[in-house]
Amino acid sequence: MIHLEIEKAFFNTEITVAWGEMDAAQHVNNTVYLRWAEAARIGFYEKLKCINFDFRHLGIILAWQDCKYIFPITYPDRAILTYDIIEVKHDRLIGECCIYSEKHQRISAISKSTVMAYDYSVLAKANIPEQWLSEIFKIYPDLKIS
């Protein structure tokens, strides 16, 4: 069942759960899910291949992130992460990371995030460049700028 969702995503990866990522509540600490979502988000934009990560010119900057915790992941397990863009605005991209438990074959958390186009040379937000939009709309032809 989760394999269909994973295969549909533009980006997916797996992370082995470390013993030290668990907390006193005997499950992976909530902050770890945010780090995993960050890894998926950056992996997505690296795979997109049109965004510069040298932080001297136009790039992305995280503006907002949340996480809905659904089912606890514990050691030992593998977290399967997917990331897709779900909404495009003129100056921001909204993405969704789904985190699955391989052991339990179910979704564990959903993290949504907003990244802004950011011009690091002048330290100000910018509009999403046409090149980025072109690549995103190739992957998600049904998305439109809202």
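The values are calculated or read from the model by the stated rules, or taken from the named source; none is laboratory data. None of the values given here were measured: they were computed from a predicted structure. Cβ placement follows ideal geometry from the backbone for every residue including glycine, while neighbour counts extend to all protein chains displayed.
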For the list (1) in a strand (DSSP E or B); (2) under 27 Å from ALA18 (Cβ atoms); (3) not small (Gly, Ala, Ser), I need the number of the one condition that GLU46 fails.
(1)
Strands (runs of 3 or more DSSP E) within the range 54-114 that include 1 or more residues closer than 18 Å to ILE139 by Cα and in contact with a Lys or Arg (Cβ under 8 Å, 6 or more places away or on another chain):
78-89, 92-101
Are any of the residues in the range 115-128 loosely packed, with under 13 Cβ neighbours inside 10 Å and under 23 Å from GLU5 (Cα atoms)?
no
Which condition number does PRO72 fail, the rest of (1) closer than 14 Å to TYR45 by Cβ; (2) at pLDDT 95 or above being met?
(1)
Long-range neighbours under 7 Å by Cβ, at least six apart or interchain, first residue over 14 Å from LYS103 (Cβ atoms) and at pLDDT 95 or above within the range 8-28, second of a type in the set (Ser, Thr, Tyr) and part of a strand (DSSP E or B):
ALA9/THR82; ALA9/TYR83; PHE11/THR82; PHE11/TYR83; ASN12/THR82
Conditions (1) closer than 20 Å to HIS104 by Cβ; (2) part of a helix (DSSP H, G or I); (3) out of contact with any strand residue (DSSP E or B) (no Cβ under 6 Å at 6 or more places or on another chain): number failed by THR31
(1)
